[in-house]
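Below: the structure, in structure tokens.
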There are 2 protein chains.
Amino acid sequence: MILRDFLEGQDVVRGGDRPSHCCLVLTGFVCRYALLPDGRRQILAFHPPGDVPDLQSLHLQIMDHSVAAMMPSTVAFIAHEHIQHATEQHPRLIHAFWRETLIDAATFRAWMIGLGRRSAHERIAHLICEMLLRFEAVGLAEGGVFQMPVTQQDIADALGLSNVHVNRVLQDLRRDELIAWQRPMIAVLRREALEELAMFDPTYLHMRNLPDAPGVAAEA
Amino acid sequence: MILRDFLEGQDVVRGGDRPSHCCLVLTGFVCRYALLPDGRRQILAFHPPGDVPDLQSLHLQIMDHSVAAMMPSTVAFIAHEHIQHATEQHPRLIHAFWRETLIDAATFRAWMIGLGRRSAHERIAHLICEMLLRFEAVGLAEGGVFQMPVTQQDIADALGLSNVHVNRVLQDLRRDELIAWQRPMIAVLRREALEELAMFDPTYLHMRNLPDAPGVAAEA
DNA sequence: CGTTGCATTGACTTGTGTCAATATGCGTGG
DNA sequence: CCACGCATATTGACACAAGTCAATGCAACG
């Protein structure tokens, strides 16, 4: 296992690579993204500490996208062989990993719904609802407040919008006192209203113990 | 294993279900889709025969989306236990299945790029390029011609557009003699031009033997 | 033949993008 | 402690891709 530090903006893994290791985010914040030939960028996922953004590289030789640090981050690289070895010792691990990649895919689907069928306001609200829940799940959010070091341009690239429009929508959400946002701190002020605007349904995150959000029953 | 026939438009699996079986498409054509509370629909994937659209249900209890037949289709339902049993007998299977779900996820990412960052013309061109390649891979396309029984409304719901706009774009593509389209037959007339318009890069499909498309080298 | 589901058109609206200027905040070095 | 420079955020004016609505056409089918 190798530890490496990355500066803001640096690529951790690059599209086209054939990685021999998976990377585990220890501290910081990373994203996955793809570029079109003419430079348009689509951010595919955000990963707080604890995530393994390229678990797929275990079975897919070529990276079809990149992973980049969005703030100074520490990443652990774990050799594929070691992971394979571990799964042979503990066959349950394989299912745990597989499940992780399935939740990954479920999150992509949720984003697709947003990109295809939600308005700009709904998309931004939805992203904030998702990130809040995920940060809570790893104990990095308290009272609706969490730290997400992204620029408005990053949000635009994640949600298929322009930076200018993201700016305008954020102003609306702040004016309506749904959220407060002073980089890098995001505060959700009226969670229910935000979730209603976003039509947020956390089923897709497949969390075993959903934090008791109003109106959302825990799985049996 | 249970065989069942579905009519066009019928749901094979429904969001919220907790399936005990996976479904294998034997004949016909199915899609996965999600609905927003107000009825907006996003199609998430198309599945020709040979695909298992809900392999994920092996590990994710609740369906976070639905599967529907887009034409009369025959589907085989295979009990999760049987699949589990098979993977215990042949551990390699588990990796094959896992890999399938990873390619599924890679395809979602590719669609996200389209939904977020491609124009309507590019999106439609890209979808056609992808489907052509996937139909070729299962021997269901010949000379750039294949059969895909979708309406313009379906395409709209897959690509985040309106049916009217899809209609207009298709007319452009036909006028420019990139494609011909008489339901349910799609013919790609000038493949290179179409792929260039779409900025199509098939890496994400992770096919072992890419049909020798010009300019695309086979994997080492 | 009427009905039904799609495709096609035209007229008009609108959400979001683009461009370009200006503001704001922050870290650095003098 | 201030001045500078950079990145990011904010504004305003304007453009345009794509959406909406509603009518019409067309073909398959019972």
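For the stretch B:8-26 and the stretch A:38-70, what is the separation of their C-alpha centers, rounded to whole Å?
30
Gaussian network model of chain A, Cα springs within a sub-10 Å range: biggest mean-square fluctuation belongs to which of A:25, A:52, A:164?
A:164
Any idea what angle helix B:120-137 forms with the longest principal axis of chain B, computed on alpha-carbon atoms, 0 to 90 degrees, nearest 10?
Tilt relative to chain B: about 50 degrees.
Cα convex hull of chain B: mean projected area in nm², to one decimal? Working shown, then result.
Numbers: hull surface 50.4 nm².
Directional mean of the projected Cα hull area for chain B stands at 12.6 nm².
If you roll a 1.4 Å probe over chain A with all protein chains in place, what percent of the accessible area is carbon or sulfur?
On the way: 5050 of 9800 Å².
Here carbon and sulfur together make up 52 percent of the probe-accessible area.
If I model a spin label at residue A:93 and residue A:61 as a point 7 Å from the Cα along the Cα→Cβ vector, what separation in nanometres do I get?
Taking the two extended label points, one gets 2.5 nm.
Can you run phi through the Karplus equation (6.51, -1.76, 1.60; θ = phi - 60°) for the stretch A:192-199 and list ³J(HN,Hα) in whole Hz, with x for Gly and Pro?
Once θ is set to phi - 60°, the couplings for the stretch A:192-199 become 4, 5, 5, 5, 5, 4, 7, 6 Hz.
Which residues of the stretch B:7-47 show a drop of at least 40 Å² in accessible area when all protein chains are present, compared with their chain alone (probe radius 1.4 Å, heavy atoms only, ligands and nucleic acids excluded)?
Buried on complex formation: B:36, B:40, B:42, B:44.
Ordered by residue, what ³J(HN,Hα) values in Hz, to whole numbers, does the stretch B:99-112 give under the Karplus form 6.51 cos²θ - 1.76 cosθ + 1.60, where θ = phi - 60° and Gly and Pro are x?
4, 4, 5, 6, 5, 3, 5, 4, 5, 4, 4, 4, 5, 4
Please list the non-local residues whose amide H lies under 5 Å from the amide H of residue A:189, H modeled 1.01 Å from N, same-chain partners needing a gap of 5 or more.
A:179, A:180
Mind checking the per residue accessible area of the protein assembly as shown for me, 1.4 Å probe, whole number of Å²?
Numbers: 19640 Å² over 440 residues.
About 45 Å² of surface per residue is accessible.
Work out the length of the dipole vector of chain A about its Cα centre, built from +1 on the beta-carbon of each Lys and Arg and -1 on the beta-carbon of each Asp and Glu, and round it to the nearest 20 debye.
It comes to approximately 320 debye.
Taking 40 Å² as the minimum loss, tell me which residues in the stretch A:57-85 lose that much accessible area going from the chain by itself to the full protein complex (1.4 Å probe).
Those residues are A:59, A:60, A:62, A:64.
List the residues, sorted by chain then number, that are 5 or more residues from residue B:29 or on another chain and whose placed amide H is less than 5 Å from its amide H.
Residues meeting the amide H criterion: B:70, B:71.
Using modelled backbone amide H atoms (1.01 Å from N, in-plane), which distant-in-sequence or interchain residues come within less than 5 Å of residue B:21's amide H?
B:80
With N set to the residue count of the stretch A:20-104, report its C-alpha Rg divided by 2.2 N^0.38 Å to two decimal places.
Numbers: Rg = 13.7 Å, N = 85, 2.2 N^0.38 = 11.9 Å.
The reported ratio for this selection is 1.15.
Nearest 100 Å², what total accessible surface is buried between chain A and chain B (probe 1.4 Å)?
Details: alone 12140 and 12180 Å², together 19640 Å².
The summed interface area works out to 4700 Å².
Report, in deg cm²/dmol and to the nearest 500, the calculated mean residue ellipticity at 222 nm for chain A, where each DSSP H run with n ≥ 4 adds -39500 (n - 2.57) and the sum is divided by the residue count. Let's see the in-between values first.
Numbers: 6 runs with 84 residues, N = 220.
Computed ellipticity for chain A at 222 nm equals -12500 deg cm²/dmol.
Quick one: divide the alpha-carbon radius of gyration of the protein assembly as shown by 2.2 N^0.38 Å and tell me what you get. Write out the running numbers ahead of the final one.
Working: Rg = 21.4 Å, N = 440, 2.2 N^0.38 = 22.2 Å.
This ratio for the protein assembly as shown stands at 0.96.
The values are calculated or read from the model by the stated rules, or taken from the named source; none is laboratory data. This structure is a prediction, so every number in the text was calculated from the model and none was measured. Cβ sites come from the backbone with ideal geometry, for glycine too, and all protein chains shown count toward neighbours. Side chains included, ligands, DNA and RNA excluded: accessible areas come from the protein's heavy atoms. Shrake-Rupley method; radii C 1.70, N 1.55, O 1.52, S 1.80 Å.
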